[in-house]
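The values are calculated or read from the model by the stated rules, or taken from the named source; none is laboratory data. Predicted model only: the values in this text are computed from it and were never measured. Neighbour counts are summed over all protein chains in view; Cβ atoms, including those assigned to glycine, are modelled from backbone coordinates with ideal geometry. With ligands, DNA and RNA removed, areas are computed over all heavy atoms of the protein, side chains included. Shrake-Rupley method; radii C 1.70, N 1.55, O 1.52, S 1.80 Å.
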Amino acid sequence: MSTEHEHDPLQPHSHDPNPEPPSDDPSFTLSLSDGTEVELTVGSLRELPATTVSDCYIVSTGHGTSGPFAFTGVQLADLLAAYGVPAGDWSEIEVISADGFGTRLPAEDVREPADAGPIILAYAIDGDLMRRRQGLIRLIDPSETDDALRQVKWVRRINVRPSRISN
Ligand SMILES: Nc1nc2c(c(=O)[nH]1)N[C@H]1C(S)=C(S)[C@@H](COP(=O)(O)O)O[C@H]1N2
Ligand SMILES: [Mo]
């Protein structure tokens, strides 16, 4: 028996990648689980500890695979720590782009880096600041090699979703 799900834009099964930046502005909003909203820029990310993840591939059904690339940015876990988000306080992160694409990351994927490397918010590629057309600011999940569905370009909003309380 199959179950019908409503279409969820943050859980696409496949997708035609959008090559065109939706705007020139790479700033984005970090929305914390207590409702606080912080406006961030490439500059604010570059003030935090940098992490480079090498051997990253962007795997696309339509256009084949590109890479390997070395992406540099801030580990999502480091960003949350820098803004004082307690580790046990949230269950998932929503990453939403300015063109309406996005993904959901369960807490364990963010907290425990896989062998391929940690999930980062990247602002540089192969040592150069990314251009807007290349995705600035771009989510990179080195473990995802499915259809690039977690390699979200033009990140516009990051929502920290609180842990569900069951009682
Ligand atoms: N914002 C945004 N990010 C996105 C997409 C998109 O349409 N919009 N498409 C995804 C898909 S399906 C692919 S294959 C890759 C393509 O990345 P590229 O343009 O760097 O080759 O981007 C991913 N990230
Ligand atoms: Mo894709």
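How many of the residues making up the range 1-57 are modelled with pLDDT of 90 or more, more than 15 Å from Ile137 (Cβ to Cβ) and among the acidic types (Asp, Glu)?
The qualifying residues number 3.
Collect the residues in the range 32-48 that are part of a loop (DSSP other than H, G, I, E, B), more than 12 Å from Val85 (Cα to Cα) and touching a helix residue (DSSP H, G or I) at 6+ places or on another chain (Cβ under 8 Å), keeping them in residue-number order.
Leu48
Just one of (1) out of contact with any Lys or Arg (no Cβ under 6 Å at 6 or more places or on another chain); (2) part of a strand (DSSP E or B) trips up Pro22, so point out which.
(2)
Given (1) open to solvent by less than 30 Å² (accessible area, probe 1.4 Å); (2) in contact with an Asp or Glu (Cβ under 7 Å, 6 or more places away or on another chain), where does Pro22 come up short, assuming only one miss?
(1)
Go through the range 52-63 residue by residue and tally those that are near ligand 1 (Cβ under 9 Å from one of its atoms) and either open to solvent by 70 Å² or more (accessible area, probe 1.4 Å) or part of a strand (DSSP E or B) (or both).
Of the residues in that region, 5 qualify.
Can you tell me which residues in the range 96-133 are surrounded by fewer than 17 Cβ atoms within 10 Å (Cβ to Cβ) and within 16 Å of ligand 2 (Cβ to nearest atom)?
Residues satisfying the conditions are Asp99, Gly100.
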